[in-house]
Structure formats: structure tokens, C-alpha cells
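Engineer: Sharing a structure here in C-alpha cells format.
The values are calculated or read from the model by the stated rules, or taken from the named source; none is laboratory data. Since the structure is predicted, the reported quantities are computational estimates derived from the model, not experimental observations. Ideal geometry is used to build each Cβ from the backbone, glycine not excepted, and the neighbour counts take in all protein chains shown.
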């Protein structure tokens with residue numbers, strides 16, 4: 001075995017012993033205002049694979065993201081209903097490669113909007129784009145193409161995407177303040193959404 005490859009494998013195994021994937025869903029969610037998740041709307045029918053990639057269907061991508069979003073944002077039990085809309089333009093699920101040296105990475109590109117159910121309009125000025133990676137862990141440092149199935153890769157990406165969305169909402173907690181909610185309500189009364197503008201329907205009460 002070439003020296004450089006042998007050294008890379010030793011490094012990877014050392015990191016593998018010191019890394020562990022973190023699951024922070026057992027911790028109480030960080031508050032950012034009166035929030036309850038309504039619909040998680042994911043559209044991936046135009047998602048394109050980038051570079052060397054395992055295949056994932058639109059349905060698989062949509063299901064993974066919806067599940068991860070519900071698992072993370074479904075923990076908030078406020079009274080004010082919001083919907084999250086996610087578009088997926090691109091993804092890559094790493095294929096097997098030479099560990100560390102040539103192993104490709106998995107990535108998911110998403111565009112996100114937050115919809116105020118009462119005001120019937122998006123609350124972010126423009127869609128937020130995230131480029132989501134699997135992150136550094138024991139199973140990715142040597143290339144997840146070697147250590148994970150495509151389903152596991154997609155699940156990790158979806159969970160990381162949901163975490164980034166959650167952090168983005170926390171960073172923009174002013175959107176969920178009583179003053180912001182009242183301003184959107186007043187705007188809706190004076191300037192309702194344009195005719196023909198699609199809006200998520202309010203989910204039925206449980």
C-alpha cells in the first residue's frame with residue numbers, strides 16, 4: 001500500500017475513534033417566539049445530482065426533509081402557526097472513493113421560505129439558500145460513500161438541513177415578535193395577497 005494512502009487511513013481511523021455523531025433533539029429547543037409548525041412543504045422534483053452521486057428520487061428527498069423538519073421544529077408548541085416551504089435544486093450523495101484523499105462529499109442545496117398562516121404571506125424578504133453538508137463525524141471523515149448507504153447519507157443531510165433552518169429561525173426571532181405579527185396582520189388587511197397567489201391551507205386542528 002502506498003505510504004500516502006496508508007497514512008491517510010491511519011489518520012482516518014484515529015479520527016473515527018474520536019468522533020461521534022451528535023443528536024441534540026433530546027435537549028429542549030431554543031425558543032425564538034410563538035411558533036408552531038404547520039406544513040413542511042418540500043418540492044424536489046427538479047433536483048439535479050451534482051458530480052459523482054448516488055441516485056435519490058424526488059419522493060425520497062422530500063420524505064427525508066419532511067421527517068427531519070417535523071422531528072426538529074415539531075417540538076415547538078406555540079399558538080401561532082407557520083409553514084416551512086423548501087425547494088431542492090441540487091444534491092450529491094457521495095460514492096465510494098479513496099478514503100480522505102479522493103473521497104467525494106455529500107451535499108444538499110435547499111431554498112427555504114417561512115409562511116405566516118394567519119397573514120397568508122411569506123415573512124422572509126427572499127428565499128434563504130443553504131448548502132448542507134454531512135459534517136465531520138466518525139462515519140464521514142473516511143468518506144460516507146464507504147461507510148453509509150445512500151438512505152443514511154440522505155437522512156444525515158436532511159437532519160443537518162433541519163438544524164440549519166432551526167438556527168436561522170432563532171437568528172431571526174424578530175420575525176416572530178408580537179410587533180412583527182401585528183404588522184403583518186395589518187398589512188394583510190390593507191393590502192391582501194395578490195389574486196391567484198398560492199398559499200398553504202391551514203392544517204386541521206388535532
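Engineer: Inside region 161-184, can you point out the residues that are surrounded by 13 or more Cβ atoms within 10 Å (Cβ to Cβ) and over 25 Å from the mean Cα position of the chain (by Cα)?
Structural biologist: 184 - this is the single residue of region 161-184 that is surrounded by 13 or more Cβ atoms within 10 Å (Cβ to Cβ) and over 25 Å from the mean Cα position of the chain (by Cα).
Engineer: Exactly one condition in (1) over 17 Å from the mean Cα position of the chain (by Cα); (2) surrounded by fewer than 16 Cβ atoms within 10 Å (Cβ to Cβ); (3) modelled with pLDDT of 95 or more is false for residue 35; which is it?
Structural biologist: Status for residue 35: all satisfied but (2).
Engineer: Among the candidates 188, 202, which residue alone is farther than 17 Å from residue 33 by Cα, surrounded by fewer than 18 Cβ atoms within 10 Å (Cβ to Cβ) and modelled with pLDDT of 55 or more? Walk me through it before giving the result.
Structural biologist: Numbers: 202 fails: modelled with pLDDT of 55 or more.
188 is the lone residue from the list that is farther than 17 Å from residue 33 by Cα, surrounded by fewer than 18 Cβ atoms within 10 Å (Cβ to Cβ) and modelled with pLDDT of 55 or more.
Engineer: Give 54, 72 a once-over and let me know the one that is in contact with a helix residue (DSSP H, G or I) (Cβ under 7 Å, 6 or more places away or on another chain), at pLDDT below 95 and under 17 Å from residue 156 (Cα atoms).
Structural biologist: Values: 72 fails: at pLDDT below 95.
Exactly one residue qualifies, and that residue is 54.
Engineer: On the given criteria, is residue 40 farther than 18 Å from residue 131 by Cα, in contact with a strand residue (DSSP E or B) (Cβ under 8 Å, 6 or more places away or on another chain) and in contact (Cβ under 8 Å) with a residue 12 or more places away in the chain?
Structural biologist: Values: farther than 18 Å from residue 131 by Cα: yes; in contact with a strand residue (DSSP E or B) (Cβ under 8 Å, 6 or more places away or on another chain): yes; in contact (Cβ under 8 Å) with a residue 12 or more places away in the chain: yes.
Answer is yes for this residue.
Engineer: Suppose we keep only residues that are free of Cβ contacts under 8 Å to residues at least 40 places away in the same chain and closer than 30 Å to residue 54 by Cα within region 110-133. Which one would you say is farthest from the chain's Cα centre (by Cα)? It would help to see each step written out before you state the result.
Structural biologist: Within region 110-133, the subset free of Cβ contacts under 8 Å to residues at least 40 places away in the same chain is 111, 113, 122, 125-126, 129-133.
Right, trim to closer than 30 Å to residue 54 by Cα and you get 111, 113, 129-133.
Working: 111: 9, 113: 12, 129: 10, 130: 8, 131: 9, 132: 7, 133: 10 Å.
Of everything passing the filter in region 110-133, 113 is farthest from the chain's Cα centre (by Cα).
Engineer: Hey, among the residues in region 58-88 that are within 27 Å of residue 104 (Cβ to Cβ) and more than 13 Å from the chain's Cα centre (by Cα), which one's surrounded by the most Cβ atoms within 10 Å (Cβ to Cβ)?
Structural biologist: Restricting to residues being within 27 Å of residue 104 (Cβ to Cβ) and more than 13 Å from the chain's Cα centre (by Cα), the top hit is 60.
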